[in-house]
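Okay, structure first, notes after.
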Amino acid sequence: MKRAVLLLLSLVCVSVVSAQRVQTISGEYTYYAPENVSLEQAKRTAIERAKIEAIAAEFGTNISQTNTSSVVNSDTESSSKFSSIGLTEVKGDWLADTKEPVIVINYDDGMLVVTAKVEGKVRERVNAEYDLAISTLCNGVESEVFRNNDRFAVRFRTSKKGYIAIFLIDDNVEQAYCLLPYETADGTSREVSNKEEYIFLSTQDPTYPYREETILTTDREIDHNRLIIIFSTNEFYMPLTDRGEFLPELDLESFDKWLNKNRVRDEYMSVITKILEIKAN
């Protein structure tokens with residue numbers, strides 16, 4: 001009987017390890033930095049992309065693409081523009097470095113070239129056992145294309161109760177803005193039920209703390225921002241200051257570190273990215 005129990009425990013342990021597939025991998029990436037990128041920024045970018053390339057080679061990727069078109073009018077003529085934004089998400093998480101990244105710096109005709117070699121432990125992402133229905137609303141109508149000062153909201157439904165957070169990423173200034181939970185929250189993710197539909201960032205949400213509706217603005221001819229929706233059946237904490245206070249805005253590097261830490265802790269966490277296009281009036 002003791003041998004049978006030990007054998008059963010051994011099989012269970014093997015099953016868990018196999019499902020998570022934690023292993024050590026290595027990768028390399030060469031980054032050709034634009035003129036406006038500093039050496040330190042180039043190093044960080046090369047290291048991060050080396051990790052992404054290594055994970056993608058081991059576990060594969062999910063790829064999506066958003067195509068948008070716009071018409072620009074002037075006093076004398078009009079022209080059309082077409083843009084295609086591709087999103088690639090790797091099917092694994094970088095858990096920790098097993099060796100310090102190796103950086104090689106070169107210059108090619110005056111252009112900064114940084115090559116990074118990395119090695120670390122990674123884990124394959126598992127498929128979450130729940131369904132999410134997420135759509136963005138422009139003036140109450142489902143759309144991912146907005147004009148300056150259009151009303152913005154997020155419609156959400158889940159098949160399992162859990163916790164959600166929503167961030168807006170402005171890559172132009174490398175900042176992440178927390179849209180949900182609201183600034184009045186206590187630093188924890190927003191709890192949601194599987195028995196109702198939510199309209200977040202709107203006065204239709206009973207917990208929405210503002211009088212005015214949420215609007216999207218831009219001072220450019222056309223702008224693209226990333227909307228990051230994070231969901232898990234497990235509660236997770238939002239970015240906090242050293243004193244434990246809720247941090248509704250943070251730089252992109254700090255946001256990426258916070259998100260990666262949460263994904264390492266929670267293998268069933270889902271992260272959905274949508275591209276919002278905002279046009280000038």
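The values are calculated or read from the model by the stated rules, or taken from the named source; none is laboratory data. Worth saying up front: this structure is predicted, and the values here are computed from it rather than measured. Methodologically, a virtual Cβ is constructed for each residue, glycine included, from the backbone with ideal geometry; neighbour enumeration extends over all protein chains shown.
One table, with the values for the structure above:
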{"item": "Residue that is under 24 Å from the mean Cα position of the chain (by Cα), surrounded by 13 or more Cβ atoms within 10 Å (Cβ to Cβ) and modelled with pLDDT under 95, where the choices are Ala133, Ala96, Ala128", "result": "Ala128"}
{"item": "Residues (modelled with pLDDT of 90 or more and of a type in the set (Gly, Ala, Ser)) located in segment 217-250", "result": "Ser232"}
{"item": "Members of segment 166-191 that are closer than 22 Å to Asp150 by Cα and assigned to a strand (DSSP E or B)", "result": "Ile166, Phe167, Leu168, Ile169, Asp170, Gln175, Ala176, Tyr177, Cys178, Leu179, Leu180"}
{"item": "Test result for Glu267, touching a helix residue (DSSP H, G or I) at 6+ places or on another chain (Cβ under 8 Å), surrounded by fewer than 18 Cβ atoms within 10 Å (Cβ to Cβ) and closer than 23 Å to Asp93 by Cα", "result": "yes"}
{"item": "Residues (of a type in the set (D, E, K, R) and surrounded by 13 or more Cβ atoms within 10 Å (Cβ to Cβ)) located in segment 209-232", "result": "Glu213, Asp223, Arg226"}
{"item": "Those residues of segment 267-281 which are charged (D, E, K, R) and modelled with pLDDT of 85 or more, in sequence order", "result": "Lys274, Glu277, Lys279"}
{"item": "Qualifying residues in segment 244-264 (those that are of a type in the set (A, V, I, L, M) and closer than 20 Å to Ala185 by Cβ) - the one surrounded by the fewest Cβ atoms within 10 Å (Cβ to Cβ)", "result": "Leu247"}
{"item": "Among the candidates Ala165, Ala153, Ala176, residue that is under 19 Å from Arg226 (Cβ atoms), in contact with a helix residue (DSSP H, G or I) (Cβ under 8 Å, 6 or more places away or on another chain) and of a type in the set (A, V, I, L, M)", "result": "Ala176"}
{"item": "Unmet requirement for Val141, which otherwise passes all of (1) within 19 Å of Ile275 (Cα to Cα); (2) in contact (Cβ under 8 Å) with a residue 40 or more places away in the chain", "result": "(2)"}
{"item": "From Thr184, Thr158, residue being assigned by TED's automatic domain parsing to the domain that holds Met269, crowded, with 18+ Cβ neighbours inside 10 Å and touching a residue at least 24 places away in the same chain (Cβ under 8 Å)", "result": "Thr158"}
{"item": "Residues of segment 163-199 satisfying the condition of being aliphatic (A, V, I, L, M) and under 17 Å from the mean Cα position of the chain (by Cα)", "result": "Ile164, Ala165, Ile166, Leu168, Ile169, Val173, Ala176, Leu179, Leu180"}
{"item": "Enumeration of residues in segment 190-208 that are surrounded by fewer than 18 Cβ atoms within 10 Å (Cβ to Cβ) and of a type in the set (A, V, I, L, M)", "result": "Ile199"}
